[in-house]
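Have a look at the structure below, then the notes.
The values are calculated or read from the model by the stated rules, or taken from the named source; none is laboratory data. Here the structure is a predicted model, which means the values were calculated and not measured. Positions of Cβ are backbone-derived with ideal geometry, glycine not excepted, and every protein chain shown enters the neighbour counts. These accessible areas exclude ligands, DNA and RNA; they are computed on the full protein's heavy atoms, side chains included. Shrake-Rupley method; radii C 1.70, N 1.55, O 1.52, S 1.80 Å.
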Amino acid sequence: MANLRIVNLTKRFSEVLAVDNLSLEVADGEFVTLLGPSGCGKTTTLRTIAGFCYPDEGEIFFGDKIMNNISPNKRNTAMCFQSYALFPHMSVWNNISFGLKMQKISQQEQKERVLKVMGMLGIEGLEKRKPGELSGGQQQRVALARAIVTEPQVLLFDEPLSNLDAKLRVQVRVEIREMQKRLGITTIYVTHDQDEALAISDRIVVMNRGHIEQLGDPYTIYRNPETSFVAGFIGLANIYEGTIVSRDGSRYTVEAPFGKVVIVSDGQKIPEASKTVKFVWRPEDMKIYTPGAPNRVKGKILQAVFMGNISDIFMDVQGNKMRAQTDESRKLVAGEVMEFSIPEDAFSILRR
Ligand SMILES: Nc1ncnc2c1ncn2[C@@H]1O[C@H](COP(=O)(O)OP(=O)(O)OP(=O)(O)O)[C@@H](O)[C@H]1O
Ligand SMILES: [Mg+2]
């Protein structure tokens with residue numbers, strides 16, 4: 001096992017800047033997810049770690065060892081893709097033991113290790129089948145077994161679950177996480193599914209156009225996004241800009257297009273001289289207004305979408321669009337006027 005360091009990595013494909021001066025340190029045994037929109041450089045970063053892609057600039061370290069000139073098969077990484085890339089003509093057993101054969105591991109040890117991972121992933125009994133005779137979830141587990149059986153230093157996943165249906169995706173991601181924790185393998189996981197990233201990661205790297213937009217644990221990324229890109233990419237967001245009109249300790253009164261709001265902030269992100277601030281809050285933080293509650297907003301429902309446990313409301317507040325979510329059990333209809341309150345500590349100040 002090892003920690004992984006990416007130092008000032010840049011990769012271009014002719015005029016496309018796929019990865020832009022990216023630096024990242026992943027601790028030994030840590031599970032880090034790269035999350036971002038299509039084309040932001042996630043796969044390129046993974047491929048560079050695996051050695052299938054040579055950096056234009058920068059270094060990759062496993063522990064203290066620089067890997068740039070080490071060929072992929074000598075890096076002791078394993079990669080697991082969206083398309084399982086199993087050998088179709090080989091049995092499950094031979095697919096899983098393939099890497100061990102390449103490493104010239106003894107027959108006896110091969111047998112022990114293959115049986116062990118098959119047990120861990122609950123695919124015992126499928127040894128003789130061919131990949132074409134397995135369900136998607138089983139194929140995914142075989143691909144996983146094949147990746148971990150070689151006990152790699154670094155495990156790389158590129159959207160491994162996107163071919164599975166929603167329920168199975170949740171089930172297999174729990175299995176991946178449990179197995180990774182048990183084995184303590186340093187893992188980089190790529191997805192563009194935000195729920196998956198929040199559920200599975202020690203830390204999340206939100207990428208945008210080849211660079212790191214924010215790096216943090218799931219709670220921080222969700223509750224304290226630093227930029228409107230992060231706030232808008234993960235979860236639902238109301239993002240506004242306003243002018244600071246007064247300050248009382250950590251409470252800022254801000255004149256926003258939809259009215260005045262009081263925002264509680266430790267102030268670190270608000271320069272004293274700054275007059276305008278950008279801020280975000282989540283629709284689910286909005287509460288039905290009760291007398292005395294802070295930050296009262298009155299809006300007209302444009303659309304209310306019943307989701308079962310909650311209603312998702314799009315409303316107009318003095319000409320401004322705002323989204324709210326409420327567990328109000330009655331049926332809400334367009335045209336109705338509703339009053340909400342936004343808790344003072346629900347806001348995050350954004351850098352841009
Ligand atoms: N071999 C290549 N040749 C030319 N351009 C490439 C190549 N590989 C990637 N790119 C470009 O580099 C950028 C980053 O691609 P990358 O595959 O890393 O994105 P990604 O974040 O994995 O996206 P997705 O979520 O769609 O898989 C994209 O603009 C892509 O078109
Ligand atoms: Mg990709």
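The base-10 log of I(q)/I(0) for the stretch 197-271, evaluated at q = 0.19, 0.24 Å⁻¹, reads -0.88, -1.10 [Debye formula, identical scatterers on Cα atoms, solvent excluded]. Given a 1.4 Å probe and the protein chains as shown, GLU336 ends up with an accessible area of around 40 Å².
Each peptide in 26-33, 137-144, 202-209 gets a packing score, the mean of other Cβ atoms within 10 Å over its residues, and the list from highest to lowest is 137-144, 202-209, 26-33. Counting only DSSP H runs of at least 4 residues, each contributing -39500 (n - 2.57), and dividing by the residue count of the chain, the helix-based mean residue ellipticity at 222 nm comes to -7000 deg cm²/dmol.
Dividing the Cα radius of gyration of the stretch 236-350 by 2.2 N^0.38 Å, with N the residue count, gives 1.08.
Per atom type, the chain shows carbon and sulfur on 50% of its accessible surface, probed at 1.4 Å. A viscosity of 0.692 mPa s and a temperature of 37 °C, combined with the Kirkwood radius over C-alpha pairs in the Stokes-Einstein formula, give the chain a diffusion coefficient of 143 µm²/s. In the context of the full set of protein chains, residues of the chain present 48 Å² of accessible surface per residue (probe radius 1.4 Å, heavy atoms only). Projected over every direction and averaged, the convex hull enclosing the alpha-carbon atoms of the stretch 169-311 yields 12.3 nm².
The relative contact order of the chain comes to 16 percent, based on Cα pairs under 8 Å that sit 6 or more residues apart.
Within the assembled protein chains, the solvent-accessible surface assigned to LYS111 is about 110 Å², based on a 1.4 Å probe.
Other residues with beta-carbon under 14 Å from the beta-carbon of LYS181 carry, at +1 per Lys or Arg and -1 per Asp or Glu, a net charge of -2. When only alpha carbons of the stretch 1-82 are considered, Rg and Dmax amount to 12.2, 36 Å.
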